[in-house]
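What follows is one structure encoded as structure tokens, with my remarks underneath.
The values are calculated or read from the model by the stated rules, or taken from the named source; none is laboratory data. Quick caveat: nothing in here was measured; it's all calculated off a predicted structure. Positions of Cβ are backbone-derived with ideal geometry, glycine not excepted, and every protein chain shown enters the neighbour counts.
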Amino acid sequence: MEKRIGVFVCHCGLNIAGTVDVEQVVEAVKDYPDVVYAGNYIYMCSDPGQELVRTTIREQNLNGVVMSNCSPLMHEKTFRRVATKAGLNPYLLEIANIREDVSWPHENEKELATKKAISIVKMAIEKLKRNVELTPMVVPLHKRALVVGGGIAGITAALEIASAGYEVIVVEKLPYVGGHAAQLAGTFPTLDRVPCLMAPMIAKMISHPKIKVYTNAEVDEVSGYVGNFIVKIKTSPSYIDEGKCNNCGLCLEKCPVTCPSEFDCGLAERKAIYITPPETMSQKVLIDPGNCLHLNGDECRACEEICPTKAIDFLQQGITVEKTVGAIIVATGYGLWDKKNIPEYESDPDVIDGLQFERILSPSGPTGGDIRRPSDGKVPKQIVFISCCGSRDPEHGFTYCSRVCCMYIAKQAVLYSRTVPGGQAYVFYMDIRSDSKGYEEFVKSAMEEERVLYLRGRVSKLFRDGDKIKVWGSDTLSGKSVEISADLVIMATAMTPREGAIALARKLNVTVDAIGFLTEAHPKLQPVETLTTGIYLAGTVQWPRDIPDSIASTGGAVSKVLSMFSRKELLHEPTIAWPDEEVCSGCGICASVCTYNAIEIDPIKRVAKVNEAVCESCGACIASCPSGAMRHKNWNARQFMDMIDIATGAYV
Amino acid sequence: MQLVCDQFQETGDPAFSKRVKEVSESGLERCYQCLTCTLSCPVAFAMDYPPHQIVRMVQLGLKEQVLRSSTIWICASCLSCVTRCPNEIDIPHLMDTLHQIALHEGVAAKEPAVAMFHEAFLAPIKKYGRQYEAMMTIGYMLRARQFSPKDLLNNALLGFKMITKRKLKLLPPHSIKGAKEIRGIFEKTEERGK
Ligand SMILES: Cc1cc2nc3c(=O)[nH]c(=O)nc-3n(C[C@H](O)[C@H](O)[C@H](O)COP(=O)(O)OP(=O)(O)OC[C@H]3O[C@@H](n4cnc5c(N)ncnc54)[C@H](O)[C@@H]3O)c2cc1C
Ligand code: SF4
Ligand code: SF4
Ligand code: SF4
Ligand code: SF4
């Protein structure tokens, strides 16, 4: 078919025309082979500009358009819409970027700029000649979301999506939801008690008709792509027939095995058969298979024998369910740096970490809200906090700041000072990071009203001295070394990636950073997206955050999901990779380089097959294919060669 | 808490910081250690600890060192520091509080002359309800044992000049109307400070 190409050169006010001689560009291409029209206008993107393009396509019966203006990121979509309106396939329109690539970088070299602009326009014309008509693919959209992790971020995400009317599946690894937030004694800076915050949320989630919560469950496998993820969820058995159990608790009395309670951070004990903690709003009895004697080959059946309703079922199996979801929010939270990493501190029962102290301060904690130290149950009169344990310490742990410890130290010191009259709290710190609403004031009030003494310096040594723990440190503000005889020492250990985060990221095909936190697609412009379309991040799975920040990031992720769900179907760009089956040898190299797992080797034909909905057009496979079988739609090798010819020809 | 340093060992006394805080009402826990006070102070060069350090030492409860410092006596109560402190910490009030405590606890003043001057200044006021410069001057000379011929001559010359310019009266002044009440204030304050 005869080519009839139109070229439209935009002035962009003086942005382009101030540097590039647009008239000369028009002159240079107007008689170029296959060009039947060339014109310029002050603002092509304005209404009259668009109208000019539309009517010219019609009048000149164009079958190809080169828009020479700003970057395709700005207006490719605009002009492709115009082309569609004029009856031209939008993929027969190309952008020649003469603003970001020409007029801006060559502001002081007008002649060169014009020459370069002409060559860029000619390159676009050459490329366009081999473009084919394409149509975006329509991808079905399952308007159901999966939320992985049932901490405060995951719960918030589930409630928000469900309240917009969509189904949500929540997968929580532990037998109960709530995450770390449920373990806290109170929250800074307002000191809200946690049950007041969490209980209504958890209760609402559990009873919501649109939300299905799987506890004791994990995501086993994920396949598919945005709008169409197929997830396999695997639950572990509780060994209790929930229909029969009436929570009488007789089994707990009979069970001979005691082990440390995870929820109380090892400060209290539980049985191998136990009830989930009340803070998590679930009262479920379950057996911990790791500690149960029977499940490890022993005779013991004590719980089964005592259970009046015969609810114990040692043969119970976990289930695997398969669900299709359109979007996934990952909210698996954080971990804490183990204080065992500093052996000198770890060996003493009265040297604890921040989360353990939360439990001691909690009214429903192991001491029933009395502040007592682990070793002998005495009320500690002098307590010492050590900030930045592992954080900001590349030598021992991590380079980054954990962002919440400064604030929770102040909170814990206030709660302590209010509960223990005459008690004195000391805080060793490097600097105090209190950078959110009401935070600085809260820290100041801890100093002023609760007389918490802040010492700016590090601790050099801790050692047991009879009843006391001697803390040696420095106060750099007075330039003095300090020794404190403490009853209890609290280490603010670093917030770290959650154990298993990397394995989960692999399953979901999302990236992690050097530390192991899941990474966003762009640190500024796409802070809640991952590089895999349709998978979003919420809360501390991404970075240390406090509750308000976790909730805010969750809001961002939720809005992405809801905006996707507000569409009828998803469209996918058609400019993707395709294998020439005649040439493909089925070597599979392309499949191994594709980050998006878009390529499979057809087992029968022994050739590569690209999943069109998954391919993100990165081009890796094309570069890797040794036989040149992998092609890119509208970006084939001939097009590149033709463009290179022009580019180099202009300068010889 | 024990604070250890090369020259001395002192155990921080939280009761001391609490007392100073309450009496001085200076809000000293707010201190940032930004050093604005010290940079503003016209006499910091003459102090053994600059003002911001006194604030820190009081926070730490280093009673001995604070009460024995020259700083608390050298402060001229010029108020430059309070004016500029971002936390409105009333350092001169803090210094006054520390004088009082030092006097009551019988801690020898590092700058005895300043303490004597304060005493000599207050004695006539207690007696007459107003200042009586001659009494103050002689009171100070006696306290400070300024009996050398040179001191006597200098003071006599200055006194003579002031008398001729009517700046100094030799005879005691009339007691003011509320002299008794003023004395009452002195006595009550002394009683309370004990
Ligand atoms: C000592 C301490 C005190 C704090 N005090 C405060 C405070 O006062 N105020 C404040 O704002 N913030 C505070 N924080 C921070 C607060 O804990 C976090 O901001 C908040 O809990 C983050 O919630 P999250 O949902 O992102 O993560 P998490 O609470 O960690 O929840 C993640 C959930 O995902 C589950 N999960 C993990 N892996 C998987 C998996 N593979 N599959 C399925 N589920 C999984 C976990 O079991 C958990 O339930 C404190 C932190 C600490 C350490
Ligand atoms: S928040 Fe404070 S204590 Fe925690 S790492 Fe940062 S500076 Fe250190
Ligand atoms: S272009 Fe990129 S995303 Fe598409 S199949 Fe090839 S490697 Fe995968
Ligand atoms: S100016 Fe105020 S805040 Fe700054 S060091 Fe002095 S007393 Fe502290
Ligand atoms: S009031 Fe005292 S400490 Fe403050 S600036 Fe004046 S002399 Fe210095």
**Request:** For the stretch B:39-63, enumerate the residues that are assigned to a helix (DSSP H, G or I), farther than 15 Å from B:Trp73 by Cα, within 13 Å of another protein chain (Cβ to nearest Cβ) and touching a residue at least 24 places away in the same chain (Cβ under 8 Å).
**Result:** B:Arg56, B:Val58, B:Gln59, B:Leu60
**Message:** Among the residues of the stretch A:345-362, are any within 14 Å of chain B (Cβ to nearest Cβ), farther than 30 Å from A:Ala505 by Cβ, touching a residue at least 12 places away in the same chain (Cβ under 8 Å) and not polar (S, T, N, Q)?
**Reply:** no
**Prompt:** In the stretch B:64-96, which residues are touching a Lys or Arg at 6+ places or on another chain (Cβ under 7 Å), polar (S, T, N, Q) and either within 16 Å of ligand 2 (Cβ to nearest atom) or within 14 Å of another protein chain (Cβ to nearest Cβ) (or both)?
**Reply:** B:Ser69, B:Asn87
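Restrict the check to the stretch A:452-459 and report whether at least one residue is under 30 Å from B:Gln9 (Cβ atoms), within 14 Å of chain B (Cβ to nearest Cβ) and not in a strand (DSSP E or B).
For the stretch A:452-459, residues under 30 Å from B:Gln9 (Cβ atoms), within 14 Å of chain B (Cβ to nearest Cβ) and not in a strand (DSSP E or B): present.
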**Request:** Sort out for me the helices (runs of 4 or more DSSP H) sitting completely within the stretch A:9-117 that have 1 or more residues that are acidic (Asp, Glu) and surrounded by fewer than 20 Cβ atoms within 10 Å (Cβ to Cβ).
**Result:** A:22-30, A:47-60, A:72-85
**Lone qualifier among A:Asn611, A:Asn597 - being under 20 Å from A:Ala505 (Cα atoms) and at pLDDT below 95** = A:Asn597
**Prompt:** Which members of the stretch B:84-102 meet the condition of being touching a residue at least 60 places away in the same chain (Cβ under 8 Å), of a type in the set (A, V, I, L, M) and either not assigned by TED's automatic domain parsing to the domain that holds B:Cys31 or not in a loop (DSSP other than H, G, I, E, B) (or both)?
**Reply:** B:Ile91, B:Leu94, B:Leu98, B:Ile101
**Prompt:** Within the stretch A:128-149, can you find the residues that are outside any loop (DSSP other than H, G, I, E, B), crowded, with 16+ Cβ neighbours inside 10 Å and touching an Asp or Glu at 6+ places or on another chain (Cβ under 6 Å)?
**Reply:** A:Leu128, A:Arg144
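Residue-by-condition table, conditions (1) closer than 29 Å to B:Phe186 by Cβ; (2) crowded, with 19+ Cβ neighbours inside 10 Å; (3) modelled with pLDDT of 95 or more; (4) not aliphatic (A, V, I, L, M):
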position	(1), (2), (3), (4)
B:Ile54	yes, yes, yes, no
B:Leu60	no, yes, no, no
B:Ile101	yes, yes, no, no
B:Ala123	yes, no, no, no
**Message:** For the list (1) under 30 Å from A:Val420 (Cβ atoms); (2) among the small types (Gly, Ala, Ser); (3) modelled with pLDDT under 95, I need the number of the one condition that A:Ala494 fails.
**Reply:** (3)
**Asked** In the stretch B:9-23, how many residues are within 11 Å of chain A (Cβ to nearest Cβ), out of contact with any strand residue (DSSP E or B) (no Cβ under 9 Å at 6 or more places or on another chain) and surrounded by 18 or more Cβ atoms within 10 Å (Cβ to Cβ)?
**Response** 1
**Fill in**
For the stretch A:520-539 the number of residues that are outside any loop (DSSP other than H, G, I, E, B) and surrounded by 22 or more Cβ atoms within 10 Å (Cβ to Cβ) is 4
**Asked** Counting only residues that are of a type in the set (A, V, I, L, M) and not in a loop (DSSP other than H, G, I, E, B), which one in the stretch A:418-451 is nearest to ligand 4 (Cβ to nearest atom)?
**Response** A:Met447
**Message:** I'd like the residue in the stretch A:227-253 that is within 28 Å of A:Lys323 (Cα to Cα) and among the polar types (S, T, N, Q) and, out of all such residues, is surrounded by the most Cβ atoms within 10 Å (Cβ to Cβ).
**Reply:** A:Ser238
**Message:** Being in a helix (DSSP H, G or I) and within 30 Å of A:Val614 (Cα to Cα): is that true of A:Ile155 here?
**Reply:** yes
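It is to be established whether one or more residues within the stretch A:460-467 are within 14 Å of chain B (Cβ to nearest Cβ), touching a strand residue (DSSP E or B) at 6+ places or on another chain (Cβ under 9 Å) and of a type in the set (A, V, I, L, M).
Checked the stretch A:460-467: no residue is within 14 Å of chain B (Cβ to nearest Cβ), touching a strand residue (DSSP E or B) at 6+ places or on another chain (Cβ under 9 Å) and of a type in the set (A, V, I, L, M).
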**Prompt:** Can you spot a residue in the stretch A:385-400 that is away from chain B (no Cβ under 14 Å), surrounded by fewer than 22 Cβ atoms within 10 Å (Cβ to Cβ) and among the aliphatic types (A, V, I, L, M)?
**Reply:** no
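Looking at this structure, is A:Arg373 part of a helix (DSSP H, G or I), in contact (Cβ under 8 Å) with a residue 24 or more places away in the chain and either among the basic types (Lys, Arg) or within 16 Å of ligand 3 (Cβ to nearest atom) (or both)?
On the way: part of a helix (DSSP H, G or I): no; in contact (Cβ under 8 Å) with a residue 24 or more places away in the chain: yes; either among the basic types (Lys, Arg) or within 16 Å of ligand 3 (Cβ to nearest atom) (or both): yes.
In short, no.
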**Message:** Can you confirm whether A:Asn63 is touching a helix residue (DSSP H, G or I) at 6+ places or on another chain (Cβ under 8 Å), of a type outside the set (Phe, Trp, Tyr) and either modelled with pLDDT under 95 or under 24 Å from A:Thr575 (Cβ atoms) (or both)?
**Reply:** yes
**Prompt:** Which members of the stretch B:66-96 meet the condition of being in contact with a helix residue (DSSP H, G or I) (Cβ under 6 Å, 6 or more places away or on another chain), more than 26 Å from B:Met141 (Cα to Cα) and away from ligand 5 (no atom under 13 Å from the Cβ)?
**Reply:** B:Val66, B:Asn87
**Asked** Just to be sure, is A:Cys303 surrounded by 16 or more Cβ atoms within 10 Å (Cβ to Cβ) and not in a loop (DSSP other than H, G, I, E, B)?
**Response** yes
**Request:** Evaluate the following for A:Ile484: is it touching a strand residue (DSSP E or B) at 6+ places or on another chain (Cβ under 8 Å) and away from every other protein chain (no Cβ under 14 Å)?
**Result:** no
